[in-house]
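The values are calculated or read from the model by the stated rules, or taken from the named source; none is laboratory data. These numbers were taken from a predicted model, which means no experiment stands behind them. Positions of Cβ are generated from backbone atoms using ideal geometry, with glycine treated the same way; all protein chains shown enter the neighbour counts.
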Amino acid sequence: MHTVFRINSIEKLDSERPLYQVDLILTSDDDKQLRELTELIREEASGFTGWTRLGKLLIKIGQFDKAEELYNSLLEHASKDTDRAFFYHQLGRLKSEQGKYEEAAKLLEVSLAIDQTSLPEDDADMAITYCSISSVYYQQANYSKALEFSVKDLEIKKKTLPPNHPDLAITYNTIGLVYGGMGNYTKAIESYEKTLKIVEIALPPNHPNSAIAFSNIGQIYQKMGEYSKALECYEKDLEIKKKSLPADHPSFAITFANIGQVYDKKGDYLKALEFLEKALAIRQKSLPSTHPLIKVAMYNVDYRKKKL
């Protein structure tokens, strides 16, 4: 009944209807950490319809085109404001994951506008939207707006959630990102430590949010010039992702690039090139050929080759 599978592939079977074939691989029965992670993901998806759960899963595993197709279909047939707001939010999230931040901001603003007309101002769904908007502003380097929306998010969550709830960890993580972008590394690390404390209490050790926390702490240490500490954090990030995400998930590109940059700073150019080439391969597989992140990844590889 609760056997755990890994997803091998997802293919659409019908161009007219949201009908998909999901190819599953049976995992080892004694994979305790994977069972714990699966149970948590199942709890996170509870309360949603089957199609909505599939959409959330597609985003989680990096199948953004399939998720967009599904959510657009659900949006077209949605009759409730709450459903429409949620579908716009999910479309905004996946655009953000693809690095299309202007499109993401527009979709999330539509979601927020619907929420503001249909929900109390301290509703938990409002906090989720504030959090997503803050993340997009951060990616656009608009740190003052990002902090403004993060604070709104945090105020609601402190009122409505227990102190060690995983959603609070997400908010503290975003605030850490913003302070890091502002160059306030002390406040950034304080926020990340709050994130990690909650994550270690509330989530299984191989949860992707644990990887994010280690990655972000590593980036602060890297900016501070503490490369050994940064590498240690990035290796923990990579170890968790290998256990919890598909091998070609876009977030691996971030981890490989971070590790490559640290090796470069340490003067190990061969190792740096090895990881930067891995980052480029994933970028090329998961992003449009004209995306600026691919150009950055190509530049990083070419630049390190010249150092050898």
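A few remarks follow.
- Those helices (runs of 4 or more DSSP H) of the stretch 1-109 in which 2 or more residues are buried (at least 17 other Cβ atoms within 10 Å of the Cβ) and at pLDDT 90 or above occupy 64-76, 81-97.
- From the options Lys229, Lys241, Lys278, Lys194, residue that is touching a helix residue (DSSP H, G or I) at 6+ places or on another chain (Cβ under 6 Å) and without any contact (Cβ under 8 Å) to a residue 12 or more places away in the chain: Lys229
- Condition met for Ile170 (in a helix (DSSP H, G or I), among the β-branched types (Val, Ile, Thr) and modelled with pLDDT of 95 or more): no
- Residues in the stretch 262-276 that are farther than 19 Å from Pro246 by Cβ and either within 24 Å of the chain's Cα centre (by Cα) or not aromatic (Phe, Trp, Tyr) (or both): Val262, Asp264, Lys265, Lys266, Gly267, Asp268, Leu270, Lys271, Ala272, Leu273, Glu274, Leu276.
- Verdict on Glu226 being within 25 Å of Phe275 (Cα to Cα) and more than 14 Å from the chain's Cα centre (by Cα): yes
- Scanning the stretch 197-226 for residues being within 11 Å of Ile259 (Cα to Cα) and either surrounded by fewer than 20 Cβ atoms within 10 Å (Cβ to Cβ) or free of Cβ contacts under 8 Å to residues at least 40 places away in the same chain (or both) gives a total of 2.
- Pairs linking a residue in the stretch 73-92 that is basic (Lys, Arg) to a residue that is in a helix (DSSP H, G or I) and at pLDDT below 90, with Cβ atoms under 7 Å and 6 or more positions apart or on different chains, do not occur.
Let's see how each residue does on (1) of a type outside the set (A, V, I, L, M); (2) touching a Phe, Trp or Tyr at 6+ places or on another chain (Cβ under 6 Å); (3) surrounded by fewer than 24 Cβ atoms within 10 Å (Cβ to Cβ):
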residue: Asp125; (1), (2), (3): yes, no, yes
residue: Ile128; (1), (2), (3): no, no, yes
residue: Val136; (1), (2), (3): no, yes, no
residue: Ala141; (1), (2), (3): no, no, yes
residue: Lys152; (1), (2), (3): yes, yes, yes
residue: Lys159; (1), (2), (3): yes, no, yes
residue: Pro163; (1), (2), (3): yes, no, yes
residue: Pro166; (1), (2), (3): yes, no, yes
residue: Thr171; (1), (2), (3): yes, no, no
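- The numbered conditions (1) surrounded by 18 or more Cβ atoms within 10 Å (Cβ to Cβ); (2) closer than 25 Å to Lys100 by Cα; (3) not small (Gly, Ala, Ser) are all true for Met298 except (1).
- Filter result (more than 16 Å from the chain's Cα centre (by Cα) and closer than 16 Å to Tyr179 by Cβ) within the stretch 126-149: Ala141, Asn142, Tyr143, Ser144, Lys145, Ala146, Leu147, Glu148, Phe149
- For the stretch 155-167, a residue qualifies if it is assigned to a helix (DSSP H, G or I) and either at pLDDT below 95 or farther than 21 Å from Val110 by Cα (or both), and the qualifying residues are Glu155, Lys157, Lys158, Lys159, Thr160, Pro166, Asp167.
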